[in-house]
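Visitor: Below are the structure tokens for one structure; questions will follow.
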Amino acid sequence: MSTPKIFESEYRFCLIMWETEPIKCAEIAKICKEKLTWSRTTTYTVIKRLSERGVLRVENSYVHSIVSKEEAQKSELDELMEKKFENSMPAFIAAFSKGRKLKSEEVDALKSLIESAGK
């Protein structure tokens, strides 16, 4: 089963949800008003949409995630890789590192990731 699409404004909501869940709908609406300047109605609309798409569920007025932050990030990266880099990891890494000076720790971490992925 694929991860449902989470759009940018919804993702900002999800960041709050993942950090605070389980949380009452009314409480997350207050936080969204403060952090995102959303009205209560906007927050409830986003909750409804994400619930319909299977990203979260509401149970006894509490919001719970179904899709984790890591799953959402992986899905977004998979889509980016497919659309922009033709599923080529070397092309992605080349674009990512072009014009950037990587720290030696970053280079070591990338080497380690590549070695473990190749096994």
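Bear in mind that the values in this text are calculations on the coordinates, not laboratory data. Since the model is a prediction, treat every value here as computed from it, not as a measurement. As a convention, Cβ positions derive from the backbone with ideal geometry for all residues, glycine included, and neighbour counts pool all protein chains shown.
Visitor: Count charges around Ser65 for me, please; just the other residues with Cβ under 13 Å from its Cβ, Lys/Arg as +1, Asp/Glu as -1.
Guide: Overall, the nearby charge balance is -3.
Visitor: Between 0 and 90 degrees, rounded to the nearest ten: what's the tilt of helix 25-36 against the longest Cα principal axis of the chain?
Guide: Once rounded, the angle reads 60 degrees.
Visitor: Follow-up question, since we're still on this one. Hey, got a sec? Which trypsin sites (Lys or Arg not before Pro) in the range 61-106 land in a DSSP loop and have at most 14 other Cβ atoms within 10 Å?
Guide: Lys98, Arg100, Lys101, Lys103
Visitor: Hey, if you put +1 on the Cβ of every Lys and Arg and -1 on every Asp and Glu Cβ in the chain, which of Gly99, Ile114, Leu77 ends up farthest toward the positive end of that dipole?
Guide: So the residue furthest toward the plus end is Gly99.
Visitor: Right, next: Which lysines, on any chain, are close to Lys48 with Cα under 19 Å apart, when same-chain ones fewer than 8 places away are left out?
Guide: Cross-link targets: Lys5, Lys24, Lys30, Lys33, Lys69.
Visitor: For each of Leu56, Leu15, count neighbouring Cβ atoms within 10 Å of the residue's Cβ, then give the residues from fewest to most. Show your work: numbers first, answer last.
Guide: Working: Leu56 26, Leu15 14.
The order, fewest Cβ neighbours first, is Leu15, Leu56.
Visitor: Are there any GluC sites (Glu not before Pro) in the range 73-119 that are in a DSSP loop and have at most 14 other Cβ atoms within 10 Å? List them by number.
Guide: Details: sites: Glu76, Glu79, Glu82, Glu86, Glu105, Glu106, Glu115; in loops: Glu86.
Qualifying residues, ordered by number: Glu86.
Visitor: May I ask for the net charge around Ala26, where only other residues with Cβ less than 12 Å from the Cβ of Ala26 are counted and Lys, Arg are +1 while Asp, Glu are -1?
Guide: Summing Lys and Arg as +1 and Asp and Glu as -1 gives +3.
Visitor: Which residues among the range 59-78 fall inside the zone where the amide N is under 16 Å from a point 7 Å beyond the Cα of Ala91, along Cα→Cβ?
Guide: Answer for the range 59-78: 77-78.
Visitor: Using DSSP to call loops (not H, G, I, E or B), can you name the chymotrypsin sites (Phe, Trp or Tyr not before Pro) in the range 44-119 whose Cβ has at most 14 other Cβ atoms within 10 angstrom?
Guide: Of the chymotrypsin sites (Phe, Trp or Tyr not before Pro), not one in the loops of the range 44-119 has a Cβ with at most 14 other Cβ atoms within 10 Å.
Visitor: Also, quick follow-up: Identify all lysines with a Cα-Cα distance to Lys111 below 24 Å; exclude those on the same chain that are fewer than 8 residues away in sequence.
Guide: Partners found: Lys74, Lys84, Lys98, Lys101, Lys103, Lys119.
Visitor: May I ask you to list the residues of the range 45-88 whose amide nitrogen lies under 17 Å from a point 7 Å from Cα along the Cα→beta-carbon direction of Lys24?
Guide: 58-64
Visitor: When the Cα atoms of the chain are enclosed in a convex hull and the volume is divided per residue, what value in Å³ results?
Guide: For the chain, the hull spanned by Cα atoms encloses 156 Å³ per residue.
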